[in-house]
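Below you'll find the structure, written out as structure tokens, and then a few comments.
The values are calculated or read from the model by the stated rules, or taken from the named source; none is laboratory data. Model, not experiment: these values are computed from the prediction. Glycine gets a Cβ as well: all are built from the backbone with ideal geometry, and neighbour counts include every protein chain shown. The area values use the complete protein model at the heavy-atom level, side chains included, leaving out ligands, DNA and RNA. Shrake-Rupley method; radii C 1.70, N 1.55, O 1.52, S 1.80 Å.
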Amino acid sequence: MDKCPIKIVDFGGGYGFLGTKLLPLLPERSSYTGIDIGTELIRKGKQLFENSLYAVEFIDSNLPDYEPKQEFDLAICQAVFRYIPQYKNILKK
């Protein structure tokens, strides 16, 4: 039986460090979306995953302004929410 792919979103994920660790452990066709306000970190992430076998996207966005265009199975908020007073509003999106 095939395992279902997992769609991950990483809020404040920088260059995608957690993506490099998680994607090899997940079922085929799983995806990683990293969202960060750090333009240089986003650029570094795009370079890091440039020739990746995984579906990876990086979005340069301020989290309170971010509007998701898809649903995700797993949301990672490793440390970023301590800096955002209305973090629950982001998770509701």
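Take the residues of region 64-82 that are more than 16 Å from Ile8 (Cβ to Cβ) and in contact with a helix residue (DSSP H, G or I) (Cβ under 9 Å, 6 or more places away or on another chain): which is surrounded by the most Cβ atoms within 10 Å (Cβ to Cβ)?
That would be Phe81.
Of a type outside the set (Phe, Trp, Tyr), open to solvent by less than 40 Å² (accessible area, probe 1.4 Å) and either touching a residue at least 60 places away in the same chain (Cβ under 8 Å) or touching a Pro at 6+ places or on another chain (Cβ under 7 Å) (or both): is that true of Ile90 in this structure?
On the way: of a type outside the set (Phe, Trp, Tyr): yes; open to solvent by less than 40 Å² (accessible area, probe 1.4 Å): yes; either touching a residue at least 60 places away in the same chain (Cβ under 8 Å) or touching a Pro at 6+ places or on another chain (Cβ under 7 Å) (or both): yes.
Judged against the criteria, Ile90 is a match.
Would you say Ile59 is surrounded by 13 or more Cβ atoms within 10 Å (Cβ to Cβ) and over 13 Å from the mean Cα position of the chain (by Cα)?
Criteria not met by Ile59.
Tally up the residues in region 14-30 that are open to solvent by 20 Å² or more (accessible area, probe 1.4 Å) and within 12 Å of the chain's Cα centre (by Cα), please.
Initial filter on region 14-30 (open to solvent by 20 Å² or more (accessible area, probe 1.4 Å)): 15, 17-18, 20-22, 24-29.
Next, from what is left, pick out any that are within 12 Å of the chain's Cα centre (by Cα): 15, 17-18, 20, 22.
Number of matching residues: 5.
Which of the residues that make up region 7-55 are aliphatic (A, V, I, L, M), over 17 Å from Gln78 (Cβ atoms) and in contact with a strand residue (DSSP E or B) (Cβ under 7 Å, 6 or more places away or on another chain)?
Residue satisfying the conditions is Ala55 alone.
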